[in-house]
1. What pairs come up if the first residue lies in region A:130-150 and is within 26 Å of A:SER174 (Cα to Cα), the second is modelled with pLDDT of 95 or more and charged (D, E, K, R), and their beta carbons are under 6 Å apart, counting only those six or more places apart or on different chains?
2. Going by the structure shown, is A:GLY45 on the phi > 0 side of the Ramachandran plot and either aromatic (Phe, Trp, Tyr) or surrounded by 15 or more Cβ atoms within 10 Å (Cβ to Cβ) (or both)?
3. So A:THR91 ticks every box in (1) modelled with pLDDT of 95 or more; (2) within 18 Å of A:ASP76 (Cα to Cα); (3) among the polar types (S, T, N, Q) but one. Which box is left unticked?
4. Is region A:57-77 home to any residue that is in a loop (DSSP other than H, G, I, E, B) and within 8 Å of chain B (Cβ to nearest Cβ)?
5. Considering only region A:158-170, I want to know if a residue exists there that is of a type in the set (A, V, I, L, M) and surrounded by 14 or more Cβ atoms within 10 Å (Cβ to Cβ).
6. Mind counting the residues in region A:33-50 that are free of Cβ contacts under 8 Å to residues at least 24 places away in the same chain and more than 9 Å from chain B (Cβ to nearest Cβ)?
7. Counting only residues that are more than 7 Å from chain B (Cβ to nearest Cβ) and outside any loop (DSSP other than H, G, I, E, B), which one in region A:17-32 is surrounded by the most Cβ atoms within 10 Å (Cβ to Cβ)?
8. Provide a single number: the residues in region B:40-62 that are touching a Pro at 6+ places or on another chain (Cβ under 9 Å) and more than 8 Å from chain A (Cβ to nearest Cβ).
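The values are calculated or read from the model by the stated rules, or taken from the named source; none is laboratory data. In this text, all values refer to a predicted model and were calculated from it rather than measured experimentally. Cβ: placed from backbone, ideal geometry, glycine included. Neighbour counts: every protein chain shown.
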Amino acid sequence: MNVTIFPAVTRAADGLSRRRFTVAEVEAMCEAGIMDEDERVELIGGELVPMSAKGARHEIVKVDLVDRWIRARPDDCRLAQETTFRLSPDTYLEPDMVIYPIASGLLGLSAENVLLVVEIADTSRRYDMGRKAKLYAAFGIRELWVIDAVKLTTRVLRSPSESGYLDKRDHRASDLITPAFASELFALRLKDLELK
Amino acid sequence: MNVTIFPAVTRAADGLSRRRFTVAEVEAMCEAGIMDEDERVELIGGELVPMSPKGARHELVKVALNRRWILAAPSDCGVAQETTFHLSPDTYLEPDFVFYPVASGLLALSAENVLLVVEIADTSRRYDMGRKAKLYAAFGVRELWVIDAVRMTARVFLAPSPGGYGEIRDFKAKQSFAPRFAPQAFALSLAELELR
């Protein structure tokens, strides 16, 4: 059997101006069946950027962390996994976790009211700590944690500005990390995760 | 009244891998009304690249050439203006003119059987003579003319290879040049065109 897999990604028009897509247009593409709703893409400034494949370490850390944080049962905030986080008419991202106030609810999730965004990085480490962190900062996300699933280190980014986060702190697996805005019940030592 | 024009183009994801669209997907977007069928875009390696607006000189030269070539066309050679030229499953371009054998017909137009492609450039001169010419060469289009509508010069490209055209010749307004594969009736010098 001769199966041709059509390449899913391209950089053919690097350096040229490309057509900008809106969130609404991408939603319409899913409705029309042109794109699969499960296609793992983010819309960055009007461009569809496929997300990198999730490695095994990524998944192990994710599962453990979610388990831990759901059991923490804070009464004023909730956790959503891999939700479509609409940041502007031409940008949406799918962070691994967002923590938001129950008062505004998931449907009211915005850059202004989100309490904490967590990205778990393995192969995507450089991207998540660099370009993606800048994007979150530009939209005014107050606190971002990038967890390196391989090294079990965490970079905590706060004080967003147009050009990036002004406050960056690196933590080892044995350090206790406490969120500045979300419930203290989410305080975490990565080495406490069971990872199995 | 406060009208917000949403920017039509973006380079937000320059340097990142972007989702590749197929010609079939773009056609489906037009059918679903997500894109306007009259939207002036080309699909280059899976990316939608808006075309630069056509200047007044571009249009003057186009009208004159169209009249000149339609009146000269022998019955076995077709001339199509701004047609969607499908080159691969992820690439289509809209050259100003294509010449093709009537025997194979417009619907069967391909990089292999097209006799001559003509691009008229004004603001897009550098792009048409550089990156776009390379693209035509990579697809094996045998002959390309890029006509500079401002300086009234022509560049003839022959001998395509994956790295570009092997034979490139420049002609001034008063010099006449003739196609190598299309009928000789299309030979011209740009000075003879009546621009009005």
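1. A:GLU143/A:ARG158; A:VAL146/A:GLU119; A:VAL146/A:ARG155
2. Details: on the phi > 0 side of the Ramachandran plot: yes; either aromatic (Phe, Trp, Tyr) or surrounded by 15 or more Cβ atoms within 10 Å (Cβ to Cβ) (or both): yes.
So A:GLY45 fits the description; yes.
3. (2)
4. Pass one, region A:57-77, residues in a loop (DSSP other than H, G, I, E, B): A:72-76.
Checking which are within 8 Å of chain B (Cβ to nearest Cβ) leaves us with none.
Checked region A:57-77: no residue is in a loop (DSSP other than H, G, I, E, B) and within 8 Å of chain B (Cβ to nearest Cβ).
5. Keep residues of region A:158-170 that are of a type in the set (A, V, I, L, M), which gives A:166.
Retained after the next criterion (residues that are surrounded by 14 or more Cβ atoms within 10 Å (Cβ to Cβ)): none.
Taking every residue of region A:158-170 in turn, none turns out to be of a type in the set (A, V, I, L, M) and surrounded by 14 or more Cβ atoms within 10 Å (Cβ to Cβ).
6. Here is the first cut: in region A:33-50, the ones free of Cβ contacts under 8 Å to residues at least 24 places away in the same chain are A:33-39, A:41, A:49.
Right, trim to more than 9 Å from chain B (Cβ to nearest Cβ) and you get A:36-38.
So the answer is 3.
7. A:VAL26
8. Pass one, region B:40-62, residues touching a Pro at 6+ places or on another chain (Cβ under 9 Å): B:40-42, B:46.
From what's left, more than 8 Å from chain A (Cβ to nearest Cβ): B:40, B:42.
Here the count works out to 2.
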